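Everything below concerns the one structure shown next.
What follows is calculated from the coordinates using simple rules that are stated; it is not laboratory data. In this text the structure is predicted, and so the values were computed from the model without any measurement. Cβ atoms come from the backbone with ideal geometry, glycine included; neighbour counts cover every protein chain shown.
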There are 2 protein chains.
Amino acid sequence: MALFVVKIGGNIIDNPDACARFLQKFAQLPSPKVLVHGGGKVATQTAAQLGIETQMVDGRRITDRAMLDVVTMVYGGLVNKNLVAQLQARNCNAIGLTGADGGIIRSVKRPVKDIDYGFVGDIEAVNQAQLEALLHSNLVPVVAPLTYSREGLLLNTNADTIASVLAVALAVRHSVNLLYCFEKKGVLSDPDDDEAVIPALTLHSYAEYKASGAIVKGMIPKLDNAFKALTDGVRRVTICHADDLEAAAAGQAGTTLSLA
Amino acid sequence: MALFVVKIGGNIIDNPDACARFLQKFAQLPSPKVLVHGGGKVATQTAAQLGIETQMVDGRRITDRAMLDVVTMVYGGLVNKNLVAQLQARNCNAIGLTGADGGIIRSVKRPVKDIDYGFVGDIEAVNQAQLEALLHSNLVPVVAPLTYSREGLLLNTNADTIASVLAVALAVRHSVNLLYCFEKKGVLSDPDDDEAVIPALTLHSYAEYKASGAIVKGMIPKLDNAFKALTDGVRRVTICHADDLEAAAAGQAGTTLSLA
């Protein structure tokens, strides 16, 4: 059975109008479906208001104890529950989850090598049966970028990775269409030209674009996650603008990835 | 089938050791079961750190827009998700919910009469079928004191009331044992003597204790909710210390209420 896993980026979450447009389109996608959301700037802003400094290394947040509490509040509470309430008002039976809820995504605290990322989780296991049971109850999981450890710690976890891992787990029983929605129309061949969308990207052309420097740093972890999902059984992966969700779900917008 | 609905008060949530002891006991109660939690002082503290003033009228928080965001972060995020992760680590398959999740508790924004309570919800409907479906999937709902409106607003809602309303909804199909756990050993006949526990309270003796002033203000809304639950089909209601959960679940601690 076909199933959509949709990741929505933080820049859309941060913009109430763009977010409302996106939620309207997401609510209209056929079920079963799963939404994974990033955090946006609210966590950084809230941390700043609380006098906590945000440290980033290579685009990833360093999560000390105080910052873990902030992301738990903002991602798991403020952002997640507002998305759920807005989807419910659009007749979409959303249920907000972190990885801890129903034990759906367990992780281990990232080992310290060169950098101590703090309370950051590397995913260890997805509880596919529990996810299927929720979908079977006609629920639409809305997943925040938090996981948990065997010891009962919450851990900050990259949302792109969560989307990829959930898509792979659900691909065991479904034909999964994974869509990464953000504020650009797709993967761009020129980072300064928003219209220069690459309609189809293979592993081979991805390597070429990386070598030429056309695909820039921020996109690389996202695309690595996306190709990993394809390798692991996801049927289609598309990177698109949040406003283009409907067309992209039909394969008519954004950048569609393929292995060859 | 027997089912426990357990409310845990904010003063226990605020104390990490007391909370851990309680969670260990809750994890060991037989399923199906539901946990409802209050917020504790963390919301007030977080609001203060963010420069938001907390206004209380008759023990109820006035929830303006900024305070709604704080309670959504603290109750729906920080408190709820930490309880869930700690229960998962104790092999209890917890799932954290607000009323918005799965549309389980819908409310209306309280009409303004003498006092404008702000974003506070009066409960309108409980989605019993959705709750039963979650319990049927062997999940243990952990419910934060937030509900949602048809318009997609989150609304602050009293946790004692949520516990009572959920217990009543589940009493349609279960023999429900509702336990209010807090930092006292039960309802006291003398508010200054923590050992003066009233073992059994009827509607009649409740009226007498109220008339004599022995039962003090803070207990009255809790007891009104509790007696309402009994009237509406809940089998047993007990008010007890969080440390006494196991004994109280067996009818051997705390104050047990009965209609006559």
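Its DSSP H runs of at least 4 residues, each contributing -39,500 (n - 2.57), put the calculated 222 nm mean residue ellipticity of chain B at -10000 deg cm²/dmol, to the nearest 500. Take B:LYS217, push a point 7 Å out from Cα through the beta-carbon direction, and compare it with the same point in every other copy: 5.8 nm, smallest first. An ellipsoid equivalent to the stretch B:24-120, defined through the eigenvalues of its Cα gyration tensor, has semi-axes of 28, 16, 11 Å when rounded to whole angstrom and sorted largest first. Straight-line cross-link reach from A:LYS210 at under 15 Å between alpha-carbon atoms covers these aspartates and glutamates, not counting any fewer than eight positions away in the same chain: A:ASP190, A:ASP224. Sorted from greatest to least, the principal axis extents spanned by the alpha carbons of the stretch B:97-194 come out as 46, 42, 19 Å. Plainly put, the tip 7 Å out from Cα toward Cβ on A:ALA2 is 4.9 nm from that tip on each other copy, the closest given first. Two decimals is fine: what is log10 I(q)/I(0) at q = 0.12, 0.14 Å⁻¹ for the stretch B:2-258, from a Debye sum with one equal scatterer on every Cα and no solvent? Taking Cα atoms of the stretch B:2-258 as identical point scatterers yields -0.67, -0.94.
When the chain is fully extended, how far beyond the present Cα-Cα distance does A:ASP194 get from A:ARG150, taking 0.36 nm per residue of separation? Could the numbers behind the result be given before it?
Working: separation 44, 0.36 × 44 = 15.84 nm, distance 4.34 nm.
Contour length minus the Cα-Cα distance gives 11.5 nm.
Build a GNM of chain A with springs between Cα atoms under 10 Å apart, and of A:ASP58, A:ASP101, A:ASP116 the one that fluctuates most is A:ASP58. With the crude spin-label approximation of a point 7 Å out along Cα→Cβ, what separation in nm comes out for A:ALA247 versus A:ALA129? For A:ALA247 paired with A:ALA129, the spin-label model returns 4.4 nm.
Measure out, as a whole number of angstrom, how far apart the alpha-carbon centroids of the stretch A:72-110 and the stretch A:174-225 sit. Taking the Cα centre of the stretch A:174-225 as reference, the centre of the stretch A:72-110 is 27 Å away.
Across peptide A:137-146, the mean count of Cβ atoms from other chains lying within 10 Å of each residue's own Cβ comes to 3.
Equivalent ellipsoid of the stretch A:107-260: semi-axes from √(5λ) of the C-alpha gyration tensor, largest first, are 27, 21, 13 Å.
Take B:GLU195, push a point 7 Å out from Cα through the beta-carbon direction, and compare it with the same point in every other copy: 8.5 nm, smallest first. Dividing the alpha-carbon radius of gyration of the protein assembly as shown by the rule-of-thumb value 2.2 N^0.38 Å gives 1.01. What sits nearest the axis between copies B and A, counting only chain B Cβ atoms, is the residue and whole-Å distance B:GLY77, 1.
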